Each structure stands twice: as C-alpha cells, then as structure tokens.
1. In terms of the Cα gyration tensor, with a ≥ b ≥ c the square roots of its eigenvalues, is chain C rounded because a/c is under 1.5, prolate because a/b exceeds b/c, or oblate?
2. Count the net charge of all other residues whose Cβ sits under 12 Å from the Cβ of A:W162, scoring Lys and Arg as +1 and Asp and Glu as -1.
3. Work out, in µm²/s and without decimals, the Stokes-Einstein translational diffusion coefficient of the protein assembly as shown at 25 °C, 0.890 mPa s, Rh from Kirkwood over C-alpha pairs.
4. Where the centroid of each part is defined by its Cα atoms, how far is segment C:51-79 from segment B:1-79 in Å?
5. When a/c is below 1.5 the answer is rounded, else prolate if a/b is larger than b/c, else oblate, so apply that to chain B with a ≥ b ≥ c taken from the square roots of the Cα gyration tensor eigenvalues.
6. Where both residues lie in chain A, what percent of DSSP beta bridges are antiparallel, nearest 5?
7. Which number do you get for Rg(Cα) / (2.2 N^0.38 Å) in segment B:85-238?
8. Name the long-range amide H neighbours of A:I258: under 5 Å, sequence gap of 5 or more, or other chain; modelled H, no Pro or chain starts.
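Here, each number is a calculation from the coordinates, and none is a lab measurement. Note that the structure is predicted; figures quoted are calculated from it, not measured. Cβ coordinates were reconstructed from backbone atoms using ideal geometry, including for glycine residues, and neighbour counts include every protein chain displayed.
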Amino acid sequence: MRHFGKLATTAALPLWLWHSAAIAGEVTWWAPEFGADRAEELAAAFEEQNPDITVNIERVVPNGLQNRLLVALRSGNTPDLVDIANGWTAPFATTGGLMALDEAVAGLGVELDDFLPAALDTATVDGQLYALPFRAEAHAMIYNKGMFEAAGLDPDAFPETWEELRSAAEALTTGDTFGMGIAGGGEVSNTIFRSLPFLWMNGGGVLNEANDQSILAQPESVEAVEFYTGFLDDGLAPPSTLENDGNALRRLFIANKIAVYQSGQFDLRSIAEENPDIDIGTALLPHPEGKERSAILGGWNFAVPDAARNKEDALKLLAFLAEPENMGFYTDTFPARQSAMSMERFQDPQLEPFRDMLQYARRQPPLENWVQITQVYFDSIQEILLGQAEAAEILDEASQQIDGLIQK
Amino acid sequence: MRIQSRFVGPLFVFPALFVLALLVFYPLVYTVLLSVEDPMGNFVGFENFRTVLDQRLTGTTLRNTFVYVGFSIVFQIILGTAVGILLNAEFWGRSALRAMIVVPWVIPGIVAATTWAWMFHTEFGIINYMAQGAGLIDAPVGWLTNPDTVMPALVVVNVWKMFPFVAIMVLAGLQAIPKDVYEAARIDGARLHHEIFYVTLPQLRPVLASLTLLLAIWGLNAITIIYAMTRGGPANRSIILPMQIFRQAFEFFQFNEAAALSVMFLLITGVLMVLYITVFAEKE
Amino acid sequence: MASSSRAVWPVYPLAAVVVAITMFPFLWMLISSFKNLGELYTVPPTWWPEAPSLQNYLNVLFDSNVPRYFLNSVIISAGSTAIALALAILASYGFARFKFRGKSLAVGLIIVGQLLPTAAIIVPLYVVLNWLGLLNTYLGLILAYLILTLPLSVFMLISYFKGIPKELEEAAIVDGASRLGVLLRITLPLSLPGVVAVIVYAFVTTWNEFIFALCFALDSGTKTLPIGLAEFTTEFNTDWGAVMAASMIMTVPIAILFLAMQKLFVGGLTAGGTKG
C-alpha cells in the first residue's frame, strides 16, 4: 500500500481551487501586471486615508484577461474593480455585467468635463457610462534623424502630407534600409492601429458613422489602403512586412533597417536603451492634402462589475484613483484627464507629438463583433499585401462579408 | 475465482471509464447540443451550420487542413521509415543516435514552433542566410508570409517534430521481423533494395498502418505549430480547422458557431477513420 | 539487426545528415539564447555569440512570470500523471485479467477516447469546466489532461500485465491475498518498466500541452510554461533572445527526464502502440 499512499498525497496536493472571496471593508482590484507595482503604491496611500478598507490587488496577466473577465462576469465571481482595455468596454457593457457609473460618478464629484471626450466615448454605451477612463494614448511617427540627414532631408521637418511621406520614404530607401515600416502581421490589432487611421483621415473607414454598414469598398477607403500597402508594393517597406507587428517594427528600427514607423510612446525608451546611437525623432501622422489627421484612441478604463460584492468601497477607490495626480501616476502612457497632463513626467518634448495626436484620436466602433470584423479587414490587408489581386476587388468582397457580420 | 471476477473486473475498470465519460462523452453530446442552439439556448436547427458553411473561409480551412495533414503524414512516414531502417543497422554510436533523434518529438511543440519561426524569419533568420550563402535564393524569402511557401514550411516543421516517433515505432517493428525471413531472401540472391521493398516494407505494413492513423489524429489536433508560427496567416493561407474553432470560440466568443464547426470536424474525422479502418481491415 | 550486417550502405554519412537535421534547431536555440539584443538582430546573423551573455536567462528567471509558470507546470503535470497512472493501473488490470460483460464495449470507448480529435471538444469542455467552477484552476487542467493521457496509458499497461504469468498471482490468491493486494504487491512491481513508461509518457504529454492550457488557464496562477512562451512573443519588451532562453529552460528538464528513462519508455510505448 505504500505506493498508493504516495500517489494519493501527490494527487491531493494540487487540488485546491482558486477562490476569491471579498467581504465588507475589502476591495479586490484586478490590475494588469505592467502597472501592478504602481497599483500597490496607490492602494497603500488609499488605505492610509481609509483605514477601514483593505485593498487586495490581484496581479493579472493582460494576455487572456478579456477571456478571464468574461468568465468572471458570467459566473458572478467578480473582482470589485478591474482595469479593462478601452476596446473591450462596449462589448462587455452590451453583454451585461458592468455597473452603470453615471450616478455614482456624479455623487463622488468626479469632474467628467476634465476627461478626454474620446476616452469617455470608449466607456459610453447608449448614453450611459460603464467605465472610467484612466489611460489614453495614440500612435505618432517615430523616425531616425540620422538617416534623414544622410538622405539629404531636413531631420527637423518631418513630412506633413501623404505625398511628402511617400517621397521621403523613397529618398530613405537605400539598399538594405527601408524608408517606411508598416505592420502586416502578428496580432490583428497591430495592423488595425497602424492602418485604420489612414482610412479615417481620408474620409473612409471600415464602418459608416452609424456603424450599420461597411464603407470599406468606397474610393476613399480603397485609396487609403492602397497608400498604406503601397509602401510594400513599391519596395519602400521591408519584405518581412507580412510578419511584422509593432514589436518587429521596433526591432527593425533599432537594427537600422527602417527609417520611419508608427508606434506608441512606449517604444521610445527601449529604442534609446538598446541603440543609443539613434537620434530619435517623433512627429505627427501625415495627412492627405487638405484633410485632417486621425488616430485610434488606445487606452484603459476602470470598471466595476455589476456582481461586485463591495461596490460602495470600490467606488471610493475609483474616485481616489480618478484624482488627477493619482491617474497621472498610474498610467503607463498618458492620463485620460487633461488636467493631469501638466504633470512633470509628460513634459518630455519627444512626447509632444504623441500628446498632440490625442486630439485627433477616436474610439474604435463599439460593436459586439468588432473583433470579428477587424479579422476580416486584417485578412484583406494581408491579401492586398500579397499582391495577388486588385485592392478594390479584395476590399469589395471584405465589405460584403462585414455587412453580413453586422446584420447578425 | 471465475464467478467472482464477473463483478470484480468492472470494478477495476469503472473509475477510468467514469472519468473518460465525464470528460469526453458528456462534452461530445454537449457539442451537438450547442451547435443547434443560439447563445440564449433557444433551438435554432441548422442555423449555425448554415452561417459557418456560408463563410468562404470554411472552404479554405478544409482544403488547408487536408493539405497540411496529408503532406505531413506522407513525409513523416517516408522519412521516419528510412531513419528507422537506418537505426536498425549496426554501427558505432547507434544508441547515441537513437537517443538524439527522439528529442524533437519529446520537446514541447511550442518550443519547436518558436525556434523554427525564428529560423524562418525573413530578415534575421538563419535559413535565408544559409540559402543565400549557398546561392539557392537571390533575395530573402518570406517563408512564413509567402502563400507559396507557408504551407511547405509548416509541413517541414511538423515532419521534423513527428518523424522520430515513426522511426522508433518502425525500429520496433523491424526488430520483431524474424531473421530467417532475411536469410531466405539472401539465399535467393536479393540485393539490399530488393530486401527493403520485398521483405522489410511488407512486414512493416501493420505498423505503418496504425502509425498513419495515429499521425492523422495528431495532425488534425495539432494547432500549436500553426498558432505559434503564423496564426493561420498570411490572409488565412495556413488556417486549419482546429485553429478556426479556437478563433471562433476564444477570440470571437461565438461558442455556438464554434460548436457547429466542431461537429463538422468530428464527422469528417469519424468518416475518415471508419473508411480507413474498413479498407485496412479488408486487406488484412 | 539482421539485414544490415552487410555494411553495404554509407551508414555514417546518412547518420550525420539525420543528426544535423534533428539537432540543428536546438543548437541554434542554444546559440541564440546567449546572444545579446544587438547581435540577435544583426544582418547577416553571426554563427557564434561575439559576447556570450547570460542576460537573456537572467531576464527570464528574474523578470518574467516563467518561474511561476514553471511551478504551475510541475504541479499540473505531476498531479495529472499521478491520477492517470492510478486510474490506468486499475483499468488495465481489469481488462487484462478479467472477463466480463461489456468488456469489448468498454475497450471500444477507450479507443474512441484515444482517437478523438481534442480540438473538437475544447468548446464544450470549456463550458463544462466553467459550470463546475474549474476553469482557471489546477484541478481543471489536471482533469482535462486525463483525456490526453489516460487512453494510451491503459493500453500500454494492458500489454505489460498480460505478459506477467497468471500463476504467480493465483498462488498469492490461494494464500488469501485480495485482488488489489495481488495487483499492488505482485503484478505492479513486475511491470515496473511499463509503469515508468506511463509516467514518462503522461508527464511529457502534459508538460508540452498547449491548447487546453491556452483555453482553460487564464491567469499567472494557473498558466503553464508553453503559454508563457507564447506570451513572450507578443509582449511589449520581450524578444527572441529571451524566447530562446525560456525555450531552453522548458526543454532541459524534459530532455533529461526522457534521456534518463529512454530505454524503458521506448519499450513501453512500442508495446502499447503495436499491440494495443
């Protein structure tokens, strides 16, 4: 029997279940790992002000968080406060499970006027607020000033228009460096964030204003897609484009393989660390002649689940976190409140274009099956990058598929 | 003892069967149920199947699945058998070779996939560098992003991962062949290739047959390599059925449509298996 | 053995080719894991690290979730292997030693379990685990992994048990031992190679498993190493050097386990695969 005894012990060891029980005076906050250290500091400060409340921070892995939260919302075993990417807010709010915050926020005296309107948009469904934005960001252009000089371009005057960007990319493409890096691979969102703004600024897009029809086949959209994919077609972007996501583009930039690409401000530090020789320039996204710039608003919101066990204290914590200086401390990029933008850490001149892009930024359409729609859009971009059929033809078909998805 | 055994036998077998029933047969029945319901749990007949079949993607997926699994099996069997025969030879260092060759099969699929993805990388990959150095290609090839090379590249990785298993099983089969069969052939003056084609391979047939079935099952199941290397891209050129099920369920959260795909998947594999087993059983 | 005593064919060149094909990716993984960032992303690639560095390993060990995932993997694989072994021993003994009504049906069910494409049941399994409250728990993954390991384990052990003479057991039964006692004290020790084969098979299979873990483990408390590796390639600040280092960390334990048990394992596997 000795054998069996051992077996039984080994088998029984891992049989405990993950369990989170919250009681009055305790608030459970799911904070993604990248910000969890700062969350701990804020929680400590909050506990000092509110000695009767304990904040339990659970560090969550961003990868799979959406799935995990979906399970939690369905089963009712939820945290009291959770950070969610702004793109998930509308789907979660539509399927139910998030608390409407309008009254609570008014009661707590949070000044919504101070928030970036586009950031509030991401948290609003049918006129009701389901989350409170705390982090906001938009892409800008990152470029290699040294390469600009070598190509005879002014390193302090980044192209303003699409045409200028094209000719700069041509000038910058030499042998094994490429003028422009575009995303065409990896996770779908990498390509969405880098290409969709071009469609928007040209008056096109994936969906119309009412989000009930695809406008992907319209000339404005086709033209913008062709502008984007044209960098590869004409040899101005590296041949690896179809496997390049944001990460890969940064790698290529660090390795001096590309001169220009779009990304968020989080890339700046790692470029400076890994290749200090690069003189980094940052600039606004170029726009079509006579038209406005555009960008997708990225960022994160705080949400309180409907099934939270301790809503009252969760809301207190929410109000605390929404204070400008706390929000400015917690965010990885920019704060969603404009008054927090004056904090020291956001004053780096290199960040200026990223901050300015925020005023052009819009949310992604708040549709429940937006992920599925972006997959169709992404597939068509890849198809065009492969160059085996006309862009207009491919987009026309994608547009029909998307219409089918919307009608469901 | 015989009388008692009628009750004792089932007692021994019961726990395992119970666990399998709970984890396999219940979900199996549940899949069918999910596939004819909407997210609210209302019966919708074949609506989910229609939605899935209407997508042009489904056709692509089916074709890719057959290409991927089919070609993988062919090369796994050929390479595996050849290596198995080689391993059966007596030479210095044979046991070291036997140990080494099994490693690709033992290591995690995700490790194999990421390592190969790195080797296949267009800009920084060693494969392009070597091929260019050897004058095989002029410019870097986007192995995983070119529609013409992505499937072959994935098949190469899958073959590399699984041929050791075939080799080991073939080796075991070879060692079970009685020596006098070869001696008889040799007395008849058979040359080496005659020996392989007329003696060795026919003797191996049962082993190869069951291997083919196992490889087909594993191939149909395996999304690790494709998930980690291409995610089904470029433009769905390498998406296979299990990957689409995964995407539909865990990226789009459309569980009912995913269930409809699963039922189709089960039917296809079921039919293939039955076909295979009948054909194989007839020949025996 | 027999056919090849005539050394008519170029065994060594062929063997060299096979070794090159099988081992090259590992070598490249190993070499890459010692390169620093700048060197990894140089064109053309270097064959040998110019300034070999342990930085990638340090990053993985101290700056990522990999140690936690390693622990999760160990617990889940060990737990699942233990349960699979216990269930398989009982079931195989029942199949090998007894005749009973419905036996062939029971064997058939286990064969179906073995042949079933698991991708087809992830969706309902997800729903079932969620319903049982087992999503994102160790127990949930441990149970799910039984689907993968139990059927073949049963077949491997059946063939071992059949190979042990009944007379040994009958003598013990005459002396008054119970069936379970006989199994544990006589049959099992004699089938040790088969038991080891099952352990290695089940452990390796669960250690390497990807899809179930991807769907059913949602947080760092339950995610396993393969998921950690997949995450590495998508996160902001990680890179191929760290991915290769993490790959090495994942591969080494399994390679050692396997090489140590190789003889027993291959014996057990071929027995189960060909006869079962």
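1. oblate
2. After counting each charged neighbour, the total is -3.
3. So the translational diffusion coefficient is about 81 µm²/s.
4. The two parts, judged by their Cα centres, are 34 Å apart.
5. oblate
6. That works out to approximately 65 percent antiparallel.
7. 1.31
8. Those lying under 5 Å, H to H, from A:I258 are A:F178, A:F253.
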